[in-house]
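Trainee: Below: one structure in structure tokens.
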Amino acid sequence: MEITQNNYLKLVEKLNEALFAYHTLNEPILSDLEYDESYRLLLNIEAMHADWKVGYSPTIRVGSEPEKKFETYLHKIKMGSLENIFTQEEFIKELSTWQDTLQAHPEVVIEPKIDGLALNLVYQYGILTHAATRGNGIEGELVTKNAKTIRSIPLKINDNHPYLEIRGEVYFTLKEFKQLNDYQMHHQQKTFVNPRNAASGSLRQLDSSITASRRLSFLAYTLYGHEKINTQKESLAWLKAQGFCIAEEIVSAHSLEEVLKAYESFAEKRAFMSYEIDGLVIKVNRFDYQAELGEVQRSPRWAIAWKFPATEVLSTLLNIDYQVGRLGAITPVAQLVPVFVSGAQIQHATLHNFDELERKNLLIGDKVSVRRAGDVIPEVIKSYEHLRTGQERPYIIPQYCPSCARTLVKKDALLVCINHAHCPEQMIQQIAHFGSRDALDMEGLSVQTVRKLWEADLMRSPADLYALTEEHFLKLEGFAKKSAQKMIQTIQRAKNAPPEKLLWAFGLRHVGLLTAKKIFEVLSWDQFLTADLSTLMAIESIGPIIAQSIVDYKKEPYFFQQLKKLKEYGFKIHETLKKEGSLKGITFVITGSFEDYPRARLQGMIEELGGKIGSSITSKTQYLLCGSDPGSKLVQAQEKRITILSLKEFLQMASNSSI
Ligand code: IVH
């Protein structure tokens, strides 16, 4: 590609389209590799021609220099809030007010009420120019840079209208929320109490690169300023057409019965939705009707929030356990009288950390409210002091590690056991992490299994996994011939893992899988072992904190002892390094499903070996990897006489290539 300003703009469009296809439509049009290559080219062009850079370039999405504080932003159109109702009777009353005032039976739109925080986006001539939080409804905080890091917020839209405001909710899906908290826990940073707090904390970061690293989402629900649009339904259709995400579950209703049916259906669906909702928002569809109904104080009278009953229930705090994490952080965990919360029995709930524990002012024996949201770990919200009987007693903050009895050390909100490699519980967690899916992928090696092996004196460190035999597993409860055999096979298979997986398996603080990948794109394993601070910091995305964490870790005799042992057991640390692109230049297309091999894993294998993934069959496709229930790609491949591989054939090909 010739480097001209015009081609630069085309590249920006192409990458924005690819991001939209990936994040909003869930239908990638570029492979990761193609995207990465184009993105790198874009970065290079912007480095050479800073004056060409446009405000809607995807490179903006990584965030930039930290701010000192947020500017305040005066909303052009005030951001109100909704009045809440909780019962059917209240809704019936509301509906009859609407009907009486309008002298009609208005159609209503029923939307999920997402539990996040409201964001106001301003688009001028199609370009996102301002993003502000609600604040007090009149003035909010200007968080434009941060909002631009959210992939589902378009930086540019096709409508060239001089001024439009779009409002919606910034939130975490439950999956992303769980991942964020897992990450925080792994890195000994504070976990978030719920998805809403996490969303608010992540959007209102002075350092927008932190916002960029958190996978926030945005759902749009309001459009202001478009003369041609006259109803909420039209607004939603317009928002969708412009590339915004809108809630998939939105329905409309013409009667009370239809609304009640929708309420029931949402109440059932709620537990299975990918994000947390705390109720429904019911809006009168026509804007002229909305105007007629008007507003009271800060709330429109044409919409109402019908909240679901709380997912909180009452229980009694029996005791507080102290759990030791992989890196030594102690987490207080509440032991409760078992209760049912949204369909599941709960006996334990997290209390996060010691600052949170203190803030909640709990006594053992207190009546407490417990909350569960989707598959997120249940948590204790608060205690009811007025229900105390005088029998309650204070909890004791532990001084010593419950696993190894070493004196605990206070680090910010955390209490930490620094006896790392010699603390049984930390090692048990560490070994389980070593075999976890993103690390060396030893399916079946759960914390419970590791604990049993530990208790049977069969294991003291990750490398000891390689001394285990089928007989050892057979002696454990829950293992039979077949499962024991499979366990040994998966442990053995991990010997071929690429270096980034091995490094991630050791679980260094601040070193994620992505960082590990970046390291081995540049360094060989041996170079990594001797790399100092400056060598590490020269690598893309490695800053002083990550580099220091690596350097400190490499000072530990434990790390080198483990590597030595692993090598003695035949772990292929060297061979796995320079398998530079044995599938290089080969394009694969995948269709159908594969038992035991998620697609992401197959794609990862192909890309690791230098191959490319195509999204459709073209003249450039060399192989179609075909699983069960293949799609139309199989016929297309047959027509084009493209070689079709079974999983077995593919794995054979990949394993020949990796050595
Ligand atoms: S419409 C006048 N629609 O709930 C405000 N709000 O108290 C009109 N929310 O501040 C807002 N889902 O943060 C609307 N589908 C939805 C919503 C929604 C969540 C939040 C929003 C708003 C609060 C209302």
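The values are calculated or read from the model by the stated rules, or taken from the named source; none is laboratory data. This one's a predicted model, so the numbers in the text were calculated from it and none came from an experiment. When we count neighbours, we look across all protein chains shown, and the Cβ atoms used for this are built from the backbone with ideal geometry, even at glycine. Only protein heavy atoms, including side chains, enter the accessible area calculation; ligands, DNA and RNA are left aside. Shrake-Rupley method; radii C 1.70, N 1.55, O 1.52, S 1.80 Å.
Trainee: Using the Karplus curve 6.51 cos²θ - 1.76 cosθ + 1.60 with θ = phi - 60°, what ³J(HN,Hα) values do you get for each residue of segment 121-132, in whole Hz, with x for Gly and Pro?
Mentor: Residue by residue, segment 121-132 yields 10, 10, 10, 10, 6, x, 10, 5, 10, 9, 9, 9 Hz.
Trainee: Charges at C-beta only: +1 for Lys and Arg, -1 for Asp and Glu. How large is the resulting dipole of segment 371-499 about its Cα centre, in Debye rounded to 20?
Mentor: Working: 18 positive and 15 negative charges, 24 e Å.
So the magnitude is around 120 debye.
Trainee: If every alpha-carbon in segment 421-520 counts as one equal scatterer, what log10 I(q)/I(0) does Debye give at q = 0.16, 0.19, 0.23 1/Å?
Mentor: Debye output, listed in q order: -0.65, -0.89, -1.21.
Trainee: Would you mind working out the accessible area per residue for segment 401-504, using a 1.4 Å probe, and quoting it in Å²?
Mentor: Details: 4840 Å² over 104 residues.
Result: 47 Å² of accessible area for each residue.
Trainee: Give me the aspartates and glutamates in straight-line cross-link reach of Lys69: C-alpha distance below 18 Å, same-chain residues under 8 apart excluded.
Mentor: In chain and number order, the partners are Glu139, Glu141, Asp207.
Trainee: While we're looking at this one, here's another question. At a Förster distance of 41 Å, what's the computed FRET efficiency of Glu139 paired with Ser615, Cβ-Cβ distance as r, to 0.05? Mind dumping the intermediate values first?
Mentor: Working: r = 45 Å, r/R0 = 1.11.
E between Glu139 and Ser615, to the nearest 0.05, is 0.35.
Trainee: Follow-up question, since we're still on this one. Calculate the length of the line joining the C-alpha centroid of segment 606-655 to that of segment 1-78, in whole Å.
Mentor: If you average the Cα positions of each part, the centres end up 31 Å apart.
Trainee: Further question: Just to confirm a number: summing +1 for Lys and Arg and -1 for Asp and Glu over residues other than Tyr224 whose beta-carbon lies under 15 angstrom from that of Tyr224, what do you get? Mind showing how you got there, number by number?
Mentor: Details: positive: Lys76, Lys78, Arg134, Arg167, Lys228, Lys283; negative: Asp159, Glu165, Glu227, Glu234, Glu295.
Residues close to Tyr224 contribute a combined charge of +1.
Trainee: List residues of segment 467-491, by number, whose backbone nitrogen lies under 14 Å from a label position 7 Å along Cα→C-beta of Glu568.
Mentor: Under 14 Å, as judged by backbone N against the label point of Glu568, lie 467-468 of segment 467-491.
Trainee: Moving on to the next point. Please identify which residues in segment 294-317 have an amide N closer than 17 Å to a label point set 7 Å out from the Cα of Asn197, following the Cα→Cβ vector.
Mentor: 311-313
Trainee: Going down the list Lys178/Lys452; Lys156/Lys178; Lys612/Lys633; Lys14/Lys53; Lys10/Lys517; Lys517/Lys648, which pairs span over 23 Å between their C-alpha atoms? Working shown, then result.
Mentor: Details: Lys178/Lys452 27 Å; Lys156/Lys178 30 Å; Lys612/Lys633 17 Å; Lys14/Lys53 15 Å; Lys10/Lys517 29 Å; Lys517/Lys648 27 Å.
Pairs exceeding 23 Å: Lys178/Lys452; Lys156/Lys178; Lys10/Lys517; Lys517/Lys648.
Trainee: Shifting gears a bit: Could you work out the relative contact order of segment 102-217, using alpha carbon pairs under 8 angstrom and six or more residues apart, expressed as a whole percent?
Mentor: Numbers: 175 pairs, mean separation 34.8, N = 116.
After rounding, I find 30 percent.
Trainee: Same structure, new question: Given the chain, what whole percent of its Cα pairs are spread farther than 44 Å?
Mentor: Working: 68796 of 216811 pairs.
Distances greater than 44 Å cover 32 percent of the Cα pairs.
Trainee: At a threshold of 8 angstrom on Cα-Cα distance, excluding pairs fewer than six apart, so keeping six or more, what relative contact order does segment 1-145 reach in percent?
Mentor: Values: 110 pairs, mean separation 30.8, N = 145.
Worked out over segment 1-145, it gives 21 percent.
Trainee: Given Cα pairs under 8 Å that are at least 6 residues apart, what percent is the relative contact order of the chain?
Mentor: Working: 1130 pairs, mean separation 63.7, N = 659.
Result for the chain is 10 percent.
Trainee: In debye, nearest 20, what is the charge dipole magnitude of segment 204-262 about its Cα centre with +1 on Lys and Arg Cβ and -1 on Asp and Glu Cβ, if you could check? Working shown, then result.
Mentor: Details: 7 positive and 7 negative charges, 52 e Å.
Result for segment 204-262 is approximately 260 debye, rounded to the nearest 20.
Trainee: Pairs Lys148/Lys554; Lys68/Lys148; Lys93/Lys261; Lys78/Lys269: which exceed 27 Å Cα-Cα?
Mentor: Details: Lys148/Lys554 37 Å; Lys68/Lys148 18 Å; Lys93/Lys261 17 Å; Lys78/Lys269 33 Å.
Among Lys148/Lys554; Lys68/Lys148; Lys93/Lys261; Lys78/Lys269, the Cα-Cα distance tops 27 Å for Lys148/Lys554; Lys78/Lys269.
Trainee: Then there is this: Find out how many positive minus negative residues lie around Ser200, taking Lys and Arg as positive, Asp and Glu as negative, among other residues whose Cβ is under 13 Å from that of Ser200.
Mentor: Values: positive: Arg134, Arg196, Arg204, Arg214; negative: Asp115, Glu141, Glu169.
Summing Lys/Arg as +1 and Asp/Glu as -1 gives +1.
Trainee: Let me ask something else about it. For segment 553-566, just list the computed ³J(HN,Hα) in residue order, Karplus coefficients 6.51, -1.76 and 1.60, θ = phi - 60°, integers in Hz, with x standing in for Gly and Pro.
Mentor: 5, 5, 6, 6, x, 3, 4, 6, 4, 5, 4, 4, 4, 4
Trainee: To the nearest 0.05, what FRET efficiency results for Leu474 and Glu37 with a Förster distance of 45 Å applied to their C-beta separation?
Mentor: Values: r = 49 Å, r/R0 = 1.09.
Calculated transfer efficiency: 0.35.
Trainee: Quote the accessible area belonging to Glu568 in square angstrom, nearest 10, computed with a 1.4 Å probe and with ligands, DNA and RNA left uncounted.
Mentor: In the full protein context, Glu568 sits at about 130 Å².
Trainee: Now a separate question. Applying the Karplus parametrisation 6.51 cos²θ - 1.76 cosθ + 1.60 with θ = phi - 60° to the phi angles of segment 252-265, what ³J(HN,Hα) value in whole Hz is obtained for each residue in order, glycine and proline being reported as x?
Mentor: Once θ is set to phi - 60°, the couplings for segment 252-265 become 10, 9, 10, 8, 4, 4, 5, 5, 5, 5, 5, 4, 4, 5 Hz.
Trainee: Could I ask something else about it? Nearest 20 debye, what's the magnitude of the dipole of segment 293-449 about its Cα centre given +1 on Lys and Arg Cβ and -1 on Asp and Glu Cβ?
Mentor: Working: 16 positive and 16 negative charges, 89 e Å.
It works out to roughly 420 debye.
Trainee: Another one. Show that you can apply the helix-only estimate: for the chain, add -39,500 (n - 2.57) for every DSSP H stretch of four or more residues, divide by all residues, and state [θ] at 222 nm to the nearest 500.
Mentor: Details: 24 runs with 241 residues, N = 659.
The helix contribution divided over the chain gives -10500 deg cm²/dmol.
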